[in-house]
Amino acid sequence: MEFGAPCSRALNGGRPCGRAVGTRIRRAAVESRSPFGASSFRVSPTPAGPPKNRAVKAVLKGHTVSVDKVGKMSSQSSHDFELSSLTALSPLDGRYWSKVKDLAPYMSEYGLIYFRVLVEIKWLLKLSQIPELTEVPSFSEEAESFLQGLIDGFNLEDALEIKNIERVTNHDVKAVEYFLKQKCQSHPEIAQVLEFFHFACTSEDINNLAHALMLKESMKNVMFPVMDKLIRAICTVAKDNAYISMLSRTHGQPASPTTLGKEMAVFAVRLSRERKEMHQVEIMGKFAGAVGNYNAHLAAYPHIDWPHIAEEFVKSLGLSFNPYVTQIETHDYMAKLFHTLIQFNNILIDFDRDIWGYISLGYFKQITKAGEIGSSTMPHKVNPIDFENSEGNLGKANGGLSHLSMKLPISRWQRDLTDSTVLRNMGEGLGHSLLAYKSALQGIGKLKVNEARLSEDLNHSWEVLAEPIQTVMRRFGVPEPYEKLKELTRGRAVSQESITEFIEGLELPEEAKINLLKLTPHTYIGAAAELAMNVDVAVNLLSGLEIF
């Protein structure tokens, strides 16, 4: 299985990609190394024997791994396991692979290697366009096409070849440089300038741009579309239920009525605000050499304006330029992006918990699917598992993203290496977030409003009309309105009859009294319905984006 370059076309004049991105990098990598895949793993019983001696054997790659009755596995056999959906340490690469695989072309090691290749080639092309740099003359159209072809045609086999070189060099970026030199030594024109691959670069010049492009393409092509779909789905729930009255609960107690739609609109608007913030984060890059001063550049070519060249180069990749750096790009933009993503996730946790609660109250029913089981022992149950899955994965995502956002802006002196291993975990935070969004979407798709249950709660909560009654009493100067309603309602059963009797006994203008008598817990909803119906406008005004 071959895997094409994930976004080379997008970075080449804005033209669409010529081939669809593959969807199973990880599994393809396994299959390329091994003649068997996940299906080669099976569990079978041992030959019959006394019950206390029976065990289970896992057969993998022609080896038998004994598992005794309490689940202990012989340690000497653990090295025989091959990577598959059953043996992956992370559920993102195992159980949930099908839901997060769209991130793999960008956030996997394959994606990191691909973007390194892209940056190295684009830098050589940039050098060929600098008139003062006569040692790298302008490339012919054919040579440029050859180099672009290395980007566009990059595949899994290329990535594996680079990994094989890395086993010798023990340096991942140097392996990319050697790979490109090998690929280009047969081209007579490019072969003359092979040593200008990686010219004046420190590894972090390549890496920081690769990581920036990984984030940029992941957010644009995977995360933002699913976020927008989620916001759109919540907006639809808001509009569809704009006029469905619902008892509010402040501090868990009955409070002034609202509508189900308006409460959903609140979440759509909150999420859209964070979506806008993420879109506005400038994804930045540097290209200033070993300590950010262009030392090597100026040593070789003192009369070239290298800061200007670097700015042009970084911007040509669709990134913002950071001119003040050490060896590393300072990662402040990453911290800002991840903090905002955490806040988006926090809002969605709030949504998940509210929906969970509404399902518990019976306000929502869940559409069942034939064959699905809610509980292994209680046949009647339909559990809100999608919202629970979403909440759990959002917590997992935020834990990783929080560490990234707190750690990455901190680097000792001109740099230390602690950011390198941490940056390799960006895909984890995005992956758990993506999984959570899809789970929430799946849950939303199963919701069915139970209007009868909503109405039942309102019919038993006439005490909520104490608020409008005492407010109108204030307007017309009735003394101690709050205290009078407190005496009528607190700790007492309140009915339509008792409320009606109280209103009729008030010294109020007739029109005001008639209007109060018309109120019910179903109709006392203020502007909730209008707010819900206008949610699309509110979301677009807040986001400033055409997310729909």
- Message: For the stretch 129-145, check the following and say yes or no: at least one residue is without any contact (Cβ under 8 Å) to a residue 12 or more places away in the chain, over 30 Å from the mean Cα position of the chain (by Cα) and within 18 Å of GLU311 (Cβ to Cβ).
- Response: yes
- Query: Restricted to the stretch 307-358, and to residues that are polar (S, T, N, Q) and in a helix (DSSP H, G or I), which residue is surrounded by the most Cβ atoms within 10 Å (Cβ to Cβ)?
  - Reply: ASN345
- Task: Would you confirm whether any residue within the stretch 73-82 is crowded, with 19+ Cβ neighbours inside 10 Å, farther than 24 Å from ALA175 by Cα and either at pLDDT 50 or above or out of contact with any Pro (no Cβ under 8 Å at 6 or more places or on another chain) (or both)?
- Result: no
- Message: With the requirement that a residue be in contact (Cβ under 8 Å) with a residue 40 or more places away in the chain and open to solvent by 50 Å² or more (accessible area, probe 1.4 Å), what does the stretch 245-299 give you?
- Response: PRO254, LYS262, ARG270, ARG273, LYS276, GLU277, HIS279, GLU282, ALA290, VAL291, ALA296
- Query: Residues of the stretch 526-545 being open to solvent by less than 30 Å² (accessible area, probe 1.4 Å) and either among the basic types (Lys, Arg) or at pLDDT 95 or above (or both), which ones?
  - Reply: ALA528, ALA529, ALA532, VAL535
- Only one of (1) in contact with a helix residue (DSSP H, G or I) (Cβ under 6 Å, 6 or more places away or on another chain); (2) outside the structural domain of ILE342 (by the TED database); (3) surrounded by fewer than 20 Cβ atoms within 10 Å (Cβ to Cβ) is not met by LEU209, so which one is it? (3)
- Message: Take THR421 and tell me if it is under 30 Å from LEU337 (Cβ atoms) and out of contact with any helix residue (DSSP H, G or I) (no Cβ under 9 Å at 6 or more places or on another chain).
- Response: yes
- Note on the structure: Among residues of the stretch 486-505 being open to solvent by less than 40 Å² (accessible area, probe 1.4 Å) and out of contact with any Phe, Trp or Tyr (no Cβ under 8 Å at 6 or more places or on another chain), the residue farthest from MET246 (Cα to Cα) is ILE503
- Task: Working carefully through the options LEU508, LEU465, find the one that is among the hydrophobic types (A, V, I, L, M, F, W, C) and either over 14 Å from SER256 (Cβ atoms) or open to solvent by 50 Å² or more (accessible area, probe 1.4 Å) (or both).
- Result: LEU508
- Meets criteria (more than 51 Å from the chain's Cα centre (by Cα) and open to solvent by 30 Å² or more (accessible area, probe 1.4 Å)) for THR471: no
- Task: May I ask you to say which residue of ALA233, ALA238 is hydrophobic (A, V, I, L, M, F, W, C), assigned by the TED database to the domain that holds PHE387 and surrounded by 23 or more Cβ atoms within 10 Å (Cβ to Cβ)?
- Result: ALA238
- Query: On the given criteria, is CYS201 assigned to a loop (DSSP other than H, G, I, E, B) and open to solvent by less than 30 Å² (accessible area, probe 1.4 Å)?
  - Reply: yes
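The values are calculated or read from the model by the stated rules, or taken from the named source; none is laboratory data. Everything numeric in this text was worked out from a predicted model, so none of it was measured. Cβ: placed from backbone, ideal geometry, glycine included. Neighbour counts: every protein chain shown. Ligands, DNA and RNA are excluded from the accessible area calculation, which covers all protein heavy atoms including side chains. Shrake-Rupley method; radii C 1.70, N 1.55, O 1.52, S 1.80 Å.
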